[in-house]
Amino acid sequence: MSIQEFLKEGTRHYQGTEEATLQNIGACKELSQVVRTSLGPNGMNKMVINHLEKLFVTNDAATIIKELEVVHPAAKMIVLASKQQEQEAGDGTNFVVVFAGELLQQAESLIRMGLHVSDIISGYNKAGEKALQLLQELTVETCNDVRDEAKVAKAIRAAISSKQNGWEDVLAPIVAKACVQILPENPRNFNVDSVRCCKVPGGGVGDISLFKGFAIARDAQGVIKKVKDARVAVFAGGLEAAATETKGTVLLTNADDLMNFNKGEEEQMERLIKGIADSGATVLVSGGPVSPLAMHYVERYGLMLLKEASKFQLRRICRATGATPLARLGVPIADELGHCEEVTVEDVGSTLVAFFRNSSERCQVSTLLIRGSTPNIMDDLERCIDDAVNVFKGLIRDPRLLAGAGASEIELARKLRPLGENSPGLDQYAIKKFAEALEIIPRTLAENAGLNSTEIISSLFALHEQGNIHHGINVETFEVGSALDMSVYDLYATKYFALKLATEVAVTILKVDQIIMAKPAEGPKVPQMGNRDED
């Protein structure tokens, strides 16, 4: 009896090395090839158009993989590993996909040679554990003072260079300052959401500016556009009269009834706005619609009003000013009001932007005003800054740094080879292949820079054998050189998680020897819920 006879009709079943293992490896290789050319400072961009016809032009692997909507089950496991890397370290997603794909490609050659999958898994596990131990010995520097902007800029420079090559010397000091100036007393409480980007079309990448506070690209309601020493009241709902729960009919018998019909509502609204003004508030932020009646009294009492529908943006305004968001429409007490040195609406490149500038310690938000000729350029710049901020957060957790530019991968590969040669069992072949797979990172960096990868790899191995263990690829001079002299550092925590996750996902995929796929349910697809924390 075959397996198909006792499974539901329409179920697909694959088993054995050819049908299951090698098919999975093939799918994962294809996925890694997609993002491999985007690795490093010279990485190429991908143009991805998602199901909503939104265009993405980026070399950020996390964005590319997210928008590709991979459905192959084995390739999806690598996607999940890269997402986990994004959550753990915020950077290094491309490393996970490329290295996992290369491990599986090396495993394929061993399987075709006749080696059993269990020997490959055993070798990969041994090599992975040894690589993580060796990685600790390769640390070159420790950034003990995360409040030192120069040291922080040096640590995040490589993360910026990989996305915005050529702009790292401009962006790294600004992003470092943005992170340091809002660092809490206990650095471990640092929140990556505290460094925000406000995108304004026009200008170029070099026109980026930083200030402490928050900004939203919108105009204020009414005629008041500037308030100094502002007291800010934030309402989560709108400024309008509450609607009645039931519908009713009003009978008007004469002109006086018609004149007095809205008088009660007007008096109530005036009392409310007057009470808010008397509480000391000078700036109101509304999270919902504002009725014309409310707007009239806001103007009469000289208040500045801004509308912002996004609850995420309201939360950030509260963090920038120290205000408490009010769920009810009422007069705020003194403790619920926030303070801001200046709230002003300014014209930036023909776009009206509302600035909440606040240099006090209560302000927990830094804002980078980024400029660019197209939305795609600004989106890519924002992703680059986000990666750098995540590297800063990783630096707080573990301040150790490694030599970048492919130096640490070459040194790991060089040190793992003797382990394979000294292992007595068949897993020695897998350990050697693991070491060989590590070469894919410097090899890809060389290929993306247009260099002869074979010559570069052999030169690096020769230099590392001579004791120059910090030498990597200089993609600007197109030769090998010291990563320390180039100020190219990789975060130890990022590399640690990337190696660990890539090895684990490769081993998990190799352990699959059967694929059983049930027949998909017919009818309309169940809509997928998106990430609720995204704007």
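The values are calculated or read from the model by the stated rules, or taken from the named source; none is laboratory data. Source: prediction; values computed, not measured. Cβ atoms come from the backbone with ideal geometry, glycine included; neighbour counts cover every protein chain shown.
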- [ ] May I ask you to verify whether E53 is without any contact (Cβ under 8 Å) to a residue 12 or more places away in the chain, acidic (D, E), more than 20 Å from K433 (Cβ to Cβ) and out of contact with any His (no Cβ under 7 Å at 6 or more places or on another chain)?
- [x] yes
- [ ] Give the residues of segment 371-389 that are crowded, with 23+ Cβ neighbours inside 10 Å and not acidic (D, E), sorted by residue number.
- [x] L381, C384, I385, A388, V389
Task: Exclusive hit being of a type in the set (D, E) and surrounded by fewer than 16 Cβ atoms within 10 Å (Cβ to Cβ), set E86, E102, E129, E108 - done: E129
Open item on the list: Given the criteria under 32 Å from the mean Cα position of the chain (by Cα) and over 15 Å from L438 (Cα atoms), does A107 qualify?
Closed with: no
Open item on the list: Condition check: closer than 30 Å to C198 by Cβ, at pLDDT 85 or above and among the aromatic types (F, W, Y). Does F392 satisfy that?
Closed with: yes
TODO: Please specify each residue of segment 488-500 satisfying the condition of being closer than 13 Å to C143 by Cβ and outside any helix (DSSP H, G or I).
DONE: Y489, D490, L491
TODO: State all residues of segment 111-126 that are surrounded by 15 or more Cβ atoms within 10 Å (Cβ to Cβ) and either under 30 Å from the mean Cα position of the chain (by Cα) or without any contact (Cβ under 8 Å) to a residue 40 or more places away in the chain (or both); if no residue qualifies, say none.
DONE: Y124, N125
- [ ] Restricting attention to segment 411-457, report how many residues are in a loop (DSSP other than H, G, I, E, B) and touching a residue at least 60 places away in the same chain (Cβ under 8 Å).
- [x] 5
- [ ] Check off (1) at pLDDT 85 or above; (2) of a type outside the set (G, A, S); (3) in a loop (DSSP other than H, G, I, E, B) for L305 and give me the number that stays unchecked.
- [x] (3)
Open item on the list: Being touching a His at 6+ places or on another chain (Cβ under 6 Å) and in a helix (DSSP H, G or I) is the filter here; which residues of segment 382-410 pass it?
Closed with: A407, I410
Open item on the list: If I ask for residues that are outside any strand (DSSP E or B) and at pLDDT 85 or above, which ones from segment 360-372 would you list?
Closed with: V365
- [ ] Kindly indicate the residue of segment 146-161 that is among the charged types (D, E, K, R) and surrounded by 13 or more Cβ atoms within 10 Å (Cβ to Cβ) and also nearest to E382 (Cα to Cα) among those meeting that condition.
- [x] R157
- [ ] Select, from D347, D335, the only residue that is without any contact (Cβ under 8 Å) to a residue 60 or more places away in the chain, outside any helix (DSSP H, G or I) and at negative phi.
- [x] D347
